[in-house]
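Below is one structure, written out as structure tokens, with a few remarks after it.
The values are calculated or read from the model by the stated rules, or taken from the named source; none is laboratory data. This one's a predicted model, so the numbers in the text were calculated from it and none came from an experiment. The accessibility values were calculated without ligands, DNA or RNA, using every heavy atom of the protein model including side chains. Shrake-Rupley method; radii C 1.70, N 1.55, O 1.52, S 1.80 Å.
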Amino acid sequence: GSRTRGLRREAKARGGGDAARIGDDAQRRHRAATPCRPQRGSPDLRRASLSIRKAERADLPAVLLLLRAFDPPDAPAPDLAAAERVIDRIESYPDFAVYVAEEGGEVVGTFSLLVMDNLAHGFTPAGLVESVVVAEGRRGRGIGAAMMRFAMERCAEAGCYKLALSSNVRRQDA
């Protein structure tokens, strides 16, 4: 939106190239507060506060259900024990986590965020968002945008120079 264009113009004026540097003071001054709330003009201003937090083991069945949106209709159900082994590995990485968006006690969205070290850009870290899903009945209400604002805030706190969103090229609705 216009805020992003403003950040890009500000970064470019400082010699920062075409992309806004997520870790800049300007970004830190304009971070969204958590818990995330719908922005003015959001399609669903009536909804209760949306909270975003690291997923817990008890959230795994809901997360797996949301992630089935990526699977073909005839794919077998994911194995919970295998998913727990993967979560154990994810939790062993520094700065890598699965997050959930929760509304009214229900998990309504998920994403993964990795903040990774970097040899380039003066050893400034970079962020990568993966596996972004909002529950089908909750799409179009600003939940995905709130999750991305949350990820941007985490990256700003970590001093990242960029945040990349990964998406499958075949996903037309992503």
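Round to a whole number: what % of the accessible area of the range 92-141 belongs to carbon and sulfur, probe 1.4 Å? The nonpolar share, carbon plus sulfur, comes to 53 percent. Distances between placed amide hydrogens fall under 5 Å for Val108 paired with Ala101, Glu102, Glu103, all partners being 5 or more residues away or on another chain. Each part gets one Cα centre, and for the range 56-87 versus the range 94-165 those centres are 19 Å apart. Close amide-amide hydrogen proximity is noted between Arg141 and no other residue 5 or more places distant or on a separate chain, at a cut-off under 5 Å (H modeled in the peptide plane; Pro and chain starts excluded). Sequentially through the range 124-132, phi angles give Karplus couplings (6.51, -1.76, 1.60; θ = phi - 60°) of 7, x, 10, x, 9, 9, 9, 6, 8 Hz, Gly and Pro residues having no value and appearing as x.
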